[in-house]
Amino acid sequence: MQSFDWKNLTLPLLSLLLLALIAWSEVIVRPVPQVGRVEVVYWDKYTEFEETALRKIVDYYNQSQNKIYVNFLSVSDIQSKTLMAIAGGAPPDIAGLFAPDIAQYADAEAIMPLDDYCNEAGLNSTRYIPFFWDVCNYRGHTYALPSAAGSTALHLNTAMLVKAGLDPQKPPKTIEDLDAMVDKITKKNPNGTLQAAGLLPSEPDWWVWSWGYFFGGRLWDGKDKITANSAENVRAFEWVAHFSKRYGAEHTLNFRAGFGNFSSPQNAFLSNKVAMEMQGVWMDNFVNRYAPDVKYTVAPFPYPADRPDLANPTLADTDVFVIPRGAKHPDEAFEFIKFMESQKGMEMLTLGHHIISPLMQQSAELRAKHPHPYIKLFSELPLSENTYFPPKIGIWREYQSEMENAFQEITLLHKTPREALDKVTARMQPKLDSYLKVRRLREERNE
C-alpha cells in the first residue's frame, strides 16, 4: 500500500490535535461499552431531528442483537475530519459522507471498496433505484452505499400564486411558462426595489452550478474534458442573467440581503418573499417546523419549450455509508451497513428523516405512514432519465467553487455568461489534466 498523497494534509501536529479533540468529544458522549461486543464507531453529520431519528435506529440495532455495539457520534465538517482521521491512522469504522466526494476519497485510497461485502450480502443494482446505485459506484467498484436520499422539484407558494391570479394546480411546464408566471408574481416598489419575486436562481444558493443541466448541459464529458462553456450551459446562464437584468443586479442583491436564515421563519420561501424555488424533499420538514400555515405544492422543474426531451428533470443526491481505510472493524461495520440497507433499516431512516428511499421496492407500510404530502412525486423523479448529479471527479469541490464564482459574476452582470464560463473552463481543464495524470501515476506505482 502506498502512503497517502494529499496536499491538504501537511500539518501532522494539527491533525493529531484535531483527532485528540474528536476522541475526547466521543468519550464525553459515548455510552458505556458493552462487554463481549465488538464496538463499531460510526460518525455522521446529522444534527437536531435528523440526529435524533438516526440515534433511534442505532439503538434499535444495538438492542436487536448482542454481537455488535454501534457507537454513533455526530461530527461537524465530516469530510475534513474523516480525511484527517484516516491520515492519522485513527478513522471511525463507518463514516456518513456526501456522495459527490466519493471520487476524491476513492482516488486517494481513503475508503475501502465494498464489492466483496456487497456480493456476499446480495446487495446489487437490482435492489436500488439505478441512479442511487450508480452514484455509489466509481471506476468499476462499489465504494459506498446510500443512506439519506433526496430529489428536487419546483416548490410553489400557493398564497403568492393565488394573489397574482394564478392557479397553483396548474404549475409551469416549460421555462417560458415559468418566466410568464414570474412576471405576474414579482412586485416592485416605486423606487424599483423588490417587494416579492416570482423566482430567483440564487435562492437557495446551494446548487447554482447546476442550471446548465436543466437546459441539456453537462459540466464534463465523462472522461477528460471540462465542458462548462458548452452552448447549453451558456444558454442556461443567459437565462440566469436575465433575472438580474429584469430586477436590477443591485436591487436583487439588496433584496436577498433581507432574507433570514434558511432554517428559520424568515426563510425567503416561508416568509412569502420568493414564490417559487427548486427545493428538495426535505423542504417539507422546514415548512412544518417554521411556517406550518404556509401552503405549497410541487411539480417537476420546467424544461425549455424547444427541448421536451428534458422533461421531468431533477437534481438528486444521497448521503452515503463508507468504510474508511484502516477501520478497526470493517466486517462488523458492514453488518450494520447491511442492516441500514435492508428494507426495515432503510424505511426507518426514510420515515425518520421524511425523505425518499433509494430502494426500488417500497413497502405498503412506508407508503401509508410517510408524512410528506408529495412523497410520490419525489420518489418517482429519480427514475427519470433527466436525473442529474455532479461530475464524478476528484476535483469536484474546487470545480464547484469555480462555478459558484462564475454565477456571482454573471448575476452581478460583471461578466457575460460566455466570458464567465470560458474562464471556468480555462482554469479547470489544466487542473483536471493534472489530477488525472497523478491518478495514473499512482495506479502505475500500485501495480
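The values are calculated or read from the model by the stated rules, or taken from the named source; none is laboratory data. This one's a predicted model, so the numbers in the text were calculated from it and none came from an experiment. Heads up, the Cβs are rebuilt from the backbone with ideal geometry, glycines too, and the neighbour counts pull from every protein chain shown.
Given the criteria of a type in the set (F, W, Y), more than 30 Å from M84 (Cβ to Cβ) and under 18 Å from the mean Cα position of the chain (by Cα), does F389 qualify?
No: the conditions fail for F389.
(1) under 30 Å from E277 (Cα atoms); (2) touching a residue at least 40 places away in the same chain (Cβ under 8 Å); (3) assigned by TED's automatic domain parsing to the domain that holds I337: which one isn't true of G88, the others all being true?
Of everything listed in (1) under 30 Å from E277 (Cα atoms); (2) touching a residue at least 40 places away in the same chain (Cβ under 8 Å); (3) assigned by TED's automatic domain parsing to the domain that holds I337, G88 misses just condition (1).
Say whether the condition of being crowded, with 19+ Cβ neighbours inside 10 Å and over 19 Å from G36 (Cβ atoms) is met by at least one residue in the range 54-66.
Scanning the range 54-66, I find at least one residue that is crowded, with 19+ Cβ neighbours inside 10 Å and over 19 Å from G36 (Cβ atoms), so the answer is yes.
Test V438 against the stated conditions and say whether it is β-branched (V, I, T), out of contact with any strand residue (DSSP E or B) (no Cβ under 7 Å at 6 or more places or on another chain) and buried (at least 19 other Cβ atoms within 10 Å of the Cβ).
No; evaluated as a whole, the condition is false for this residue.
Identify all residues within the range 100-117 that are crowded, with 21+ Cβ neighbours inside 10 Å and of a type in the set (F, W, Y); write none if there are none.
Correct list: Y105 only.
Please note which helices (runs of 4 or more DSSP H) are completely contained in the range 1-95 and include at least 2 residues that are at pLDDT 55 or above.
48-64, 78-87
Considering only residues that are of a type in the set (S, T, N, Q) and assigned to a strand (DSSP E or B), look in the range 263-314 and name the one that is nearest to N157 (Cα to Cα).
T297
Collect the residues in the range 220-248 that are part of a helix (DSSP H, G or I), more than 24 Å from the chain's Cα centre (by Cα) and not hydrophobic (A, V, I, L, M, F, W, C), keeping them in residue-number order.
R235, E238, H242, S244, K245, R246, Y247
Go through (1) part of a strand (DSSP E or B); (2) within 15 Å of F321 (Cα to Cα) one by one and return the number of the condition A106 breaks.
(1)
If E341 satisfies all but one of (1) free of Cβ contacts under 8 Å to residues at least 40 places away in the same chain; (2) closer than 22 Å to T126 by Cα; (3) buried (at least 16 other Cβ atoms within 10 Å of the Cβ), what's the number of the condition it fails?
(1)
State all residues of the range 362-387 that are part of a loop (DSSP other than H, G, I, E, B) and modelled with pLDDT of 95 or more; if no residue qualifies, say none.
The answer is H370, P371, H372, P373, Y374, S384, E385, N386.
Do you know which of the residues in the range 402-447 that are assigned to a helix (DSSP H, G or I) and of a type in the set (V, I, T) is farthest from P204 (Cα to Cα)?
Among those that are assigned to a helix (DSSP H, G or I) and of a type in the set (V, I, T), it is V438.
Just a yes or no: is a residue in the range 185-202 assigned to a helix (DSSP H, G or I) and more than 26 Å from the chain's Cα centre (by Cα)?
Yes - at least one qualifying residue is present in the range 185-202.
For P308, state whether it is free of Cβ contacts under 8 Å to residues at least 60 places away in the same chain, in contact with a strand residue (DSSP E or B) (Cβ under 9 Å, 6 or more places away or on another chain), of a type outside the set (V, I, T) and over 19 Å from N71 (Cα atoms).
Here the answer is yes, as P308 does meet what is asked.
Do you know which of the residues in the range 142-185 that are among the polar types (S, T, N, Q) and touching a residue at least 60 places away in the same chain (Cβ under 8 Å) is nearest to K45 (Cα to Cα)?
S147
May I ask you to list the residues in the range 317-357 that are part of a helix (DSSP H, G or I) and either of a type in the set (S, T, N, Q) or under 18 Å from P91 (Cβ atoms) (or both)?
P330, D331, E332, A333, F334, E335, F336, I337, Q343, T350
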